[in-house]
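Undergrad: Take a look at the following structure, please.
The values are calculated or read from the model by the stated rules, or taken from the named source; none is laboratory data. Keep in mind it's a predicted model, so treat the numbers as computed, not measured. Because the Cβ atoms are built from the backbone with ideal geometry, glycine has one as well, and the counts that use them run over all protein chains shown. Accessible surface areas use protein heavy atoms only, side chains included; no ligands, DNA or RNA. Shrake-Rupley method; radii C 1.70, N 1.55, O 1.52, S 1.80 Å.
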Amino acid sequence: MSDVTSLAHLTDEEKYEHFMRRIENDEKIEAEDWMPDDYREQLIKLITMHGISEIMGAFPEKEWVPKAPTLHRKLAIMAKVQDEMGHGQLLLRVAEDLLKPYGKTREDIMQDLFSKRLKFHNVFHMPSPTWGDAAVIAWLVDGAAILSQTMMLKTSYGPYGRALKRICQEESFHSKHGESLVLSLAEGTPEQRRMLQEALNRWWEPLLMFFGPKSSKETGHTNVDKNLKYKLRSKTNEELRQEFLTKYVPKIKLLGLSVPDDTLHFDEEKGEWIYQEPDWQKFKEIIKGNGPKSDERLALRRSSYENSQWVRDALAEYRMAAV
Amino acid sequence: MTPEYKEVLTELLFQLADDDFIHAFRGSEWLGLAPHIEEDVAFSSINQDTMGHAVIYYKLLEDLGMGAADDLAHLRDASAFRNGVLLEFKNGSGEYLDSPQYDWAFTVVRHLFYDVYKKIKLEALKQSNYEPLANAARKILTEQTYHLMHWQTWFRQLMQSTEESRARMEQALLRCWEDMGGVLTYGQYGDEMTALGLIGSEEALKNTWLAEITKLFSEVDYKKPSDEPKMAHGNGRNGEHSADLDHALKILSEVYRSDSQASGW
Ligand SMILES: [Fe+2]
Ligand SMILES: [Fe+2]
């Protein structure tokens, strides 16, 4: 029986209890089901940020699409960045459904992005000045994204979980692509190795930041707590960061690269990685939209959006006339 | 294979490879900047296909002993390129990372013109007596139908909507008409290409293109600007190009050229 009719006679409190029971029983919530505003708002925040990050994530890699050194690499990175745009599209559609009760559309999402109300991942505010950066992005940024996206696969919101399933399948190709890029440079000339090491140095801190602060001391943690309560996610930021270090530090060393953190080591007693904390103040500034490339990339998005307003107007008019 | 046959065949293959290579590059500059996200995804898939077609042709050249496909794509000077000049023109002012003022109408018309022709050309190449080329044409054709539909849809929509859209499209049509002649020509070895059985005659293919494009025009109540398209900015088939090609090649080969010691990427 649909949730809508069966819940009609209940009070809000009873609906909430019913909803939380479903969450506790690991049931999937669907778009048309009753959900508390709080849950809806958390989802909107999470999914629009994820979706828009995929789209803004095209920019650091975009420069390297035509510049990719060989025909084979050109094809591979074209496919990869296209996938990312596709992820953005998939996620924005999930977000659009959630926004419907508020009368909001994709236009609002774009305007929120331009005004910096809508945030996107710290890594996509960073410069990517060499081909080495394209390699490190595909290997480690995508590697980090896979960990957090895999953790969300069991999310309580059905449509998000289904989108993530497809995304994770494609992401596994991305990290293979990244691994292959990194391997070629690592096995290459001194110049190629230097390019790779420098890119790793640039990306190390942003990668640690990617998972977010450890505890509420740094930024206030209500979102993570809520997301755990609603079973939107199943691991904390620090758990994911530890997983990342366990998975990639040995691989980095195996390639003969060094991690730009002298303090980094695995503490056997505590059973965890000890590392130099990133500058969380800087992190806050970056995701507020004050990172090194934030304004430039937002301006690029905004101006291309405005520049093609006539096209969207024309399409809307054409569809109106067709009805 | 006689030396003459090989020489004319490689000319033709360079035309085919360079057309798709440069065209895919201009398309890929739109990445992240297309009018909406759905288009970004679809366009990017088309660009990948087109780049893949260029790779097929460069590989055929490699097989003929002309050098490694990657060297052919990245190390030749502009004067060695055989693409039509229309395909190398920038998408608009600015750079793809710096204040791009790209012209979507120009892109739609250029793609439509090119893809209508590409399909006709591939049909003709299926009859080529160079078997590897005929096989390549068959393979590529399977993707071409979708590309063509994509641009036809855009063309119909933008030609039959707002006044602004119509005006921009008509401007783009005039601009593309000025240089489409350079895509339709086979260049100085054209007669030999046909005489040697590599491809049907330039005249016949051009007429088919004119017939198909005129039909599309009439659907949207547009008259062709003149009897046939011009070649205002030089004949790329003979190595004449604009500064826009130098610009493109510099970007495309920047990394490949950056480390002459590198044996792999
Ligand atoms: Fe992605
Ligand atoms: Fe990815």
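Undergrad: Suppose the filter is within 15 Å of ligand 1 (Cβ to nearest atom), more than 10 Å from chain B (Cβ to nearest Cβ) and either under 13 Å from the mean Cα position of the chain (by Cα) or under 30 Å from B:ILE56 (Cα atoms) (or both); does A:ILE47 pass it?
TA: yes
Table: residues versus (1) of a type outside the set (Val, Ile, Thr); (2) over 30 Å from A:GLY188 (Cα atoms); (3) open to solvent by 70 Å² or more (accessible area, probe 1.4 Å).
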residue	(1), (2), (3)
A:PRO213	yes, yes, no
A:TYR248	yes, no, no
A:LEU254	yes, no, yes
A:ASP262	yes, no, yes
A:GLN281	yes, yes, yes
A:ASP313	yes, yes, yes
A:ARG319	yes, yes, yes
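Undergrad: Oh, and also: Looking at segment A:49-77 only, could you name the residues that are open to solvent by 10 Å² or more (accessible area, probe 1.4 Å) and not acidic (Asp, Glu)?
TA: A:MET49, A:HIS50, A:LYS67, A:THR70, A:HIS72, A:ARG73, A:LEU75, A:ALA76
Listed here are the residues, each with its yes/no results for (1) among the aromatic types (Phe, Trp, Tyr); (2) within 14 Å of another protein chain (Cβ to nearest Cβ); (3) within 30 Å of A:LEU71 (Cβ to Cβ).
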residue	(1), (2), (3)
A:SER156	no, no, no
A:GLY161	no, no, no
A:SER175	no, no, yes
A:LEU181	no, yes, yes
A:ALA186	no, yes, yes
A:ARG194	no, yes, yes
A:ALA199	no, yes, yes
A:TRP203	yes, no, yes
A:SER215	no, no, no
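Undergrad: Would you please name the residue that is nearest to A:ARG117 (Cα to Cα), looking only at residues in segment A:266-323 that are among the acidic types (Asp, Glu) and more than 14 Å from every other protein chain (Cβ to nearest Cβ)? Working first, answer last.
TA: Taking segment A:266-323 and keeping what is among the acidic types (Asp, Glu), we get A:267-269, A:272, A:277, A:279, A:285, A:295-296, A:306, A:313, A:317.
Now narrow it down to the ones that are more than 14 Å from every other protein chain (Cβ to nearest Cβ): A:267-269, A:272, A:277, A:279, A:285.
Details: A:ASP267: 40, A:GLU268: 42, A:GLU269: 43, A:GLU272: 35, A:GLU277: 27, A:ASP279: 22, A:GLU285: 13 Å.
Within segment A:266-323, the match that is nearest to A:ARG117 (Cα to Cα) is A:GLU285.
For every residue, the table says whether it meets (1) within 13 Å of chain A (Cβ to nearest Cβ); (2) under 24 Å from B:ALA80 (Cα atoms).
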site: B:LEU198; (1), (2): no, yes
site: B:THR208; (1), (2): no, no
site: B:VAL220; (1), (2): yes, no
site: B:LYS230; (1), (2): no, yes
site: B:HIS233; (1), (2): no, yes
site: B:ALA248; (1), (2): yes, yes
site: B:GLU254; (1), (2): yes, yes
site: B:SER258; (1), (2): yes, yes
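Undergrad: Moving to a separate point now. Here are some conditions: (1) assigned to a helix (DSSP H, G or I); (2) touching a Lys or Arg at 6+ places or on another chain (Cβ under 7 Å); (3) not aromatic (Phe, Trp, Tyr). A:SER234 meets all but one. Which one does it not meet?
TA: Here A:SER234 clears every test but (1).
Undergrad: If you check A:LYS119, A:LYS154, which single one turns out to be basic (Lys, Arg), under 15 Å from the mean Cα position of the chain (by Cα) and surrounded by fewer than 24 Cβ atoms within 10 Å (Cβ to Cβ)?
TA: Values: A:LYS154 fails: under 15 Å from the mean Cα position of the chain (by Cα).
Selected residue: A:LYS119, the only one of A:LYS119, A:LYS154 that is basic (Lys, Arg), under 15 Å from the mean Cα position of the chain (by Cα) and surrounded by fewer than 24 Cβ atoms within 10 Å (Cβ to Cβ).
Undergrad: Okay, moving on. Taking into account only those residues within segment B:52-64 that are among the hydrophobic types (A, V, I, L, M, F, W, C) and touching a residue at least 40 places away in the same chain (Cβ under 8 Å), which is most open to solvent (accessible area, probe 1.4 Å)? Give the derivation first.
TA: Initially, segment B:52-64 is screened for residues among the hydrophobic types (A, V, I, L, M, F, W, C), giving B:54-56, B:60-61, B:64.
Applying the additional criterion that residues be touching a residue at least 40 places away in the same chain (Cβ under 8 Å) yields B:56, B:60-61, B:64.
Numbers: B:ILE56: 44, B:LEU60: 18, B:LEU61: 0, B:LEU64: 22 Å².
Here the residue is B:ILE56.
Undergrad: Ok, one more. Being open to solvent by less than 20 Å² (accessible area, probe 1.4 Å) and within 7 Å of chain A (Cβ to nearest Cβ) is the filter here, so list the residues in segment B:30-51 that pass it.
TA: Those that are open to solvent by less than 20 Å² (accessible area, probe 1.4 Å) and within 7 Å of chain A (Cβ to nearest Cβ): B:LEU31, B:GLY32, B:LEU33, B:PRO35, B:ILE37, B:ASP40, B:SER44, B:ASN47, B:MET51.
Undergrad: What about A:GLY143, is it more than 16 Å from ligand 1 (Cβ to nearest atom) and part of a helix (DSSP H, G or I)?
TA: no
Undergrad: Hey, among the residues in segment A:125-138 that are open to solvent by less than 10 Å² (accessible area, probe 1.4 Å) and away from every other protein chain (no Cβ under 14 Å), which one's nearest to ligand 2 (Cβ to nearest atom)?
TA: For segment A:125-138, the residue satisfying everything is A:ILE137.
Undergrad: Sticking with this one: Could we say that A:LYS288 is exposed (fewer than 14 other Cβ atoms within 10 Å of the Cβ) and of a type in the set (D, E, K, R) here?
TA: Taking the combined requirement at face value, the residue satisfies it.
Undergrad: I've got another one for you. Here's a check for you: in segment B:52-71, which residue that is of a type in the set (A, V, I, L, M) and at the interface with chain A (Cβ under 9 Å from one of its Cβ atoms) is farthest from the chain's Cα centre (by Cα)? Show your work before the answer.
TA: Just the residues of segment B:52-71 that are of a type in the set (A, V, I, L, M), to begin with: B:54-56, B:60-61, B:64, B:66, B:68-69.
Now restrict to residues that are at the interface with chain A (Cβ under 9 Å from one of its Cβ atoms): B:54-55, B:69.
Working: B:ALA54: 10, B:VAL55: 14, B:ALA69: 18 Å.
For segment B:52-71, the residue satisfying everything is B:ALA69.
Undergrad: Which ones in segment A:274-323 are assigned to a helix (DSSP H, G or I) and among the basic types (Lys, Arg)?
TA: First, pick out the residues of segment A:274-323 that are assigned to a helix (DSSP H, G or I): A:280-290, A:294-307, A:309-322.
Residues satisfying the conditions are A:LYS282, A:LYS284, A:LYS288, A:ARG297, A:ARG301, A:ARG302, A:ARG312, A:ARG319.
Undergrad: Right, another one. Among the residues of segment B:138-183, which ones are β-branched (Val, Ile, Thr) and over 15 Å from the mean Cα position of the chain (by Cα)?
TA: B:THR142, B:THR145, B:THR153, B:THR162, listed by residue number.
Undergrad: If we keep just the residues of segment B:1-29 that are under 22 Å from B:MET180 (Cα atoms) and among the acidic types (Asp, Glu), which is nearest to the other protein chains (Cβ to nearest Cβ)?
TA: Among them, the one singled out is B:GLU29.
Undergrad: Also, quick follow-up: How many residues, within segment A:69-116, are among the aliphatic types (A, V, I, L, M) and more than 14 Å from ligand 2 (Cβ to nearest atom)?
TA: Of the residues in that region, 10 qualify.
Undergrad: Looking at segment A:176-192, which of the residues that are open to solvent by 20 Å² or more (accessible area, probe 1.4 Å) and farther than 15 Å from B:VAL255 by Cβ is farthest from ligand 2 (Cβ to nearest atom)?
TA: By that ranking, first place goes to A:PRO190.
Undergrad: Further, regarding this structure: Assess whether A:GLN149 counts as being in the same structural domain as A:HIS121 (by TED's automatic domain parsing), of a type in the set (S, T, N, Q), under 14 Å from the mean Cα position of the chain (by Cα) and within 14 Å of ligand 1 (Cβ to nearest atom).
TA: Judged against the criteria, A:GLN149 is a match.
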